[in-house]
Amino acid sequence: MSGLGFINPFGVRELPGTTTGDFYTANFAQKAQPGRVILNLGPQHPSTHGVLRILAEMEGEYVWRAEPVLGYLHRMHERMAEVKTPQQFLPNMGRVDYLHPLAWNWAYVGAVEKLAGLEPPERAQWLRTLSCELNRISSHLLWWGAFVMDLGGVTPILYAFEEREKINDILQIITGSRLTMSYFRLGGVCADADDRFLALTREFVPYLRERLKMYRGLVTDNVILRRRLEGVGPIDVDMCRRYGATGPVLRAAGSPNDLRRDVPYGTYPQHDFWPATGFPDDCFGRYLVRLAEIESSLDIVEQAVRGLPPGPIMVDKPPKANFKMPAGETYFAVEGARGQVGVHLVSDGGKNPYRVKLRAPGFSNLSLFAEAAQGTLLADAVAILGSLDLVIPEIDR
Amino acid sequence: MLRAIIDNLKGLYSLLVGLSITGRFLLSPQRTVHYPRQVVAPESLASFRGPLELVPSADDPAKTRCISCQMCVRACPDNCLKVVKGEGGKAPAVWVYDFSLCCLCAACVEACPASALRFSHKVYLTALTRDELKLDLLADLKARAAKAAGGADARPPAQPPAGLEPQARL
């Protein structure tokens, strides 16, 4: 291919030494050794789940060097937080990570509440746990389908969507929307759970447990999937620590870190669950961790439905539109489906926060891709990318 | 050698298991709602947030409860509301809502002291241009009142296109 000046539809360019391509490609190609091919995965590649772009230096079928290029989906969420009151900024949190919006809801609401000293009533806390865990299950289900689709199995995502639709139907009753949910409010939640919501949730838990058994037969035990994943892309605890990776990636590496247990918030201390660990640290381990987490989330949902106390869902005097936070600085983190979701909030006592920093777990998880993908086959690099569970809007914010 | 043969046989068996699951689902009834031949049942949309609508006052279904206090306009993060007070009294003369900007966050609904706003369940709203999404809610309220003709707070469910049977879901 080299020497022909050939550009094929998959983005393979004959490059070293030349300056074709944009700034990133040209810059990346400077360090490439002669005879190697620079491959652009993305920004609109079917296996990258959004507008992520990976530059890879290829030696035959092997990835010699890889570099993620970010920012195609930057929407200035942090800046928007500075020009809007907390109540006005809340709907943004559903848009940052569209797969687990309620974790982001919780992180921002939690940060403001921590600063303002608001304590939501107990029923609101339980509803937060319940809805957040249902949302986590739907996030993992979509990841499961998308990951298997990355590996070439197109059917399973349709099975996953059947369950996901059921969760969306359930969450729509209380949140009013199916994707970009904005359910939490400063000092509580915006709607109470009715009988229909609780009945559907109770029905859903045993239903999904049955379906997970089907998933096992359909995908987990499948020999093709196992040979694609077993031993591919090992990520150990040390690498996670260096890049700040959290969530299922870190738990698959063998460290039982889970903010729901380590820094308990909400009603999690009252729930009986244990972070899923004890899996291999390769792609297959990360696959199993997430399936195990669906099961532990189902346990939490079951306990939350059983233990849901009666009472109000808002504090007595909810913050009004002219609500001013006390001056100060705070950090509040929750465990999202992808890892530690953190909000660092600085207030100067005005209506709007002075500065808000959003800590997206996907950003750290993606950072280790360059190292993990080094020396792997291109198809394995795609498997590693999929196993990190990336949501690009969250990474670019 | 023997080990490899056994492994491959086990692998083949796992493929058969997967195929049998797929086959079972192939023969089971379809789970999707085929829009536009079928539509979602109205009870599944009970709390769905569609575009905003005005709540009629208790005595006259064509009159709004709105008192033009501008609380919703101030609460809105997207600046998608425009409320102009009419001559004499508190009733609004203009109530324009730009659905193309709205993020359906319910800040206006929660801020309203007169409970004059709520979400409709219109899931079939479509438009060809952005201007069509600038909705005149006062006209919408009058149209609904004329349609209902009686029944002070008659809230019409989501209207499926004519001639379609709703399919029960959930």
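Which residue out of A:Ala327, A:Ala304 is over 30 Å from B:Cys108 (Cβ atoms) and in the same structural domain as A:Thr129 (by TED's automatic domain parsing)?
A:Ala304
Taking segment A:66-80 on its own, how many of its residues are away from chain B (no Cβ under 12 Å), open to solvent by 30 Å² or more (accessible area, probe 1.4 Å) and out of contact with any Ser or Thr (no Cβ under 9 Å at 6 or more places or on another chain)?
The first filter runs over segment A:66-80 and keeps only residues away from chain B (no Cβ under 12 Å), leaving A:66-79.
From what's left, open to solvent by 30 Å² or more (accessible area, probe 1.4 Å): A:67-68, A:70-76, A:78-79.
In the following step, the residues that additionally are out of contact with any Ser or Thr (no Cβ under 9 Å at 6 or more places or on another chain) were identified as A:67, A:70-76, A:78-79.
Selection size over segment A:66-80: 10.
Go through segment A:339-364 and give me each residue that's open to solvent by less than 30 Å² (accessible area, probe 1.4 Å), of a type outside the set (Ser, Thr, Tyr), modelled with pLDDT of 90 or more and in contact with a Gly (Cβ under 8 Å, 6 or more places away or on another chain).
A:Val343, A:Leu358, A:Pro361
Would you pick out the residues in segment A:81-99 that are of a type in the set (A, V, I, L, M, F, W, C) and either more than 8 Å from chain B (Cβ to nearest Cβ) or open to solvent by 10 Å² or more (accessible area, probe 1.4 Å) (or both)?
Scanning segment A:81-99 gives A:Ala81, A:Val83, A:Met93, A:Val96, A:Leu99.
So in segment B:1-46, with the set limited to residues that are surrounded by 18 or more Cβ atoms within 10 Å (Cβ to Cβ), closer than 30 Å to B:Val123 by Cβ and facing another protein chain (nearest Cβ under 9 Å), which one is modelled with the highest pLDDT?
B:Leu45
Give, as residue ranges, the helices (runs of 4 or more DSSP H) completely inside segment A:200-253 that count at least 3 residues that are over 16 Å from A:Ile294 (Cα atoms).
Of the helices (runs of 4 or more DSSP H) lying wholly inside segment A:200-253, those with at least 3 residues that are over 16 Å from A:Ile294 (Cα atoms) span A:223-229, A:237-243.
For B:Ala149, all conditions in the list (1) free of Cβ contacts under 8 Å to residues at least 24 places away in the same chain; (2) in contact with a helix residue (DSSP H, G or I) (Cβ under 8 Å, 6 or more places away or on another chain) hold save one; what is the number of the exception?
So B:Ala149 meets the others, but not (2).
Which of the residues belonging to segment B:63-97 are touching a residue at least 40 places away in the same chain (Cβ under 8 Å) and either out of contact with any strand residue (DSSP E or B) (no Cβ under 7 Å at 6 or more places or on another chain) or crowded, with 18+ Cβ neighbours inside 10 Å (or both)?
Passing the criteria: B:Thr64, B:Arg65, B:Cys66, B:Ile67, B:Cys69, B:Met71, B:Cys72, B:Pro92, B:Trp95, B:Tyr97.
Give just the number: which of (1) open to solvent by less than 60 Å² (accessible area, probe 1.4 Å); (2) on the phi < 0 side of the Ramachandran plot; (3) in contact with an Asp or Glu (Cβ under 8 Å, 6 or more places away or on another chain); (4) of a type outside the set (A, V, I, L, M, F, W, C) does A:Glu230 not satisfy?
Tallying (1) open to solvent by less than 60 Å² (accessible area, probe 1.4 Å); (2) on the phi < 0 side of the Ramachandran plot; (3) in contact with an Asp or Glu (Cβ under 8 Å, 6 or more places away or on another chain); (4) of a type outside the set (A, V, I, L, M, F, W, C), A:Glu230 fails exactly one: (1).
Regarding A:Thr201, is this residue open to solvent by 10 Å² or more (accessible area, probe 1.4 Å) and not aliphatic (A, V, I, L, M)?
Details: open to solvent by 10 Å² or more (accessible area, probe 1.4 Å): no; not aliphatic (A, V, I, L, M): yes.
No; evaluated as a whole, the condition is false for this residue.
Looking at (1) modelled with pLDDT of 90 or more; (2) facing chain B (nearest Cβ under 10 Å), can you tell me which one A:Met214 breaks?
If we test A:Met214 against (1) modelled with pLDDT of 90 or more; (2) facing chain B (nearest Cβ under 10 Å), just (1) comes out false.
Tell me which of these B:Thr22 doesn't satisfy, since it passes every other one: (1) over 23 Å from A:Leu171 (Cβ atoms); (2) touching a residue at least 12 places away in the same chain (Cβ under 8 Å).
With respect to (1) over 23 Å from A:Leu171 (Cβ atoms); (2) touching a residue at least 12 places away in the same chain (Cβ under 8 Å), B:Thr22 is out only on (2).
The rows are residues; the columns are (1) over 30 Å from A:Gln374 (Cβ atoms); (2) facing another protein chain (nearest Cβ under 10 Å).
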position	(1), (2)
A:Pro156	no, yes
A:Ile167	yes, no
A:Leu179	yes, no
A:Arg185	yes, yes
A:Arg196	yes, yes
A:Tyr207	yes, no
A:Leu218	yes, yes
A:Gly247	no, no
A:Ala253	no, no
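Out of curiosity, is B:Lys10 without any contact (Cβ under 8 Å) to a residue 24 or more places away in the chain and among the basic types (Lys, Arg)?
Yes, satisfied.
Going residue by residue through segment B:105-114, is there one that turns out to be within 11 Å of chain A (Cβ to nearest Cβ), small (Gly, Ala, Ser) and more than 26 Å from A:Ile167 (Cα to Cα)?
Within segment B:105-114, one or more residues are within 11 Å of chain A (Cβ to nearest Cβ), small (Gly, Ala, Ser) and more than 26 Å from A:Ile167 (Cα to Cα).
What number of residues within segment A:154-179 satisfy the criterion of being more than 20 Å from the chain's Cα centre (by Cα) and outside any helix (DSSP H, G or I)?
Final tally of qualifying residues: 3.
Name the residues in segment A:157-189 that are without any contact (Cβ under 8 Å) to a residue 12 or more places away in the chain and open to solvent by 40 Å² or more (accessible area, probe 1.4 Å), would you?
Correct list: A:Glu165, A:Arg178.
The values are calculated or read from the model by the stated rules, or taken from the named source; none is laboratory data. All values reported here derive from a predicted model rather than from experimental measurement. Positions of Cβ are generated from backbone atoms using ideal geometry, with glycine treated the same way; all protein chains shown enter the neighbour counts. Remember, those area values only see protein heavy atoms, side chains included, never the ligands or the DNA or RNA. Shrake-Rupley method; radii C 1.70, N 1.55, O 1.52, S 1.80 Å.
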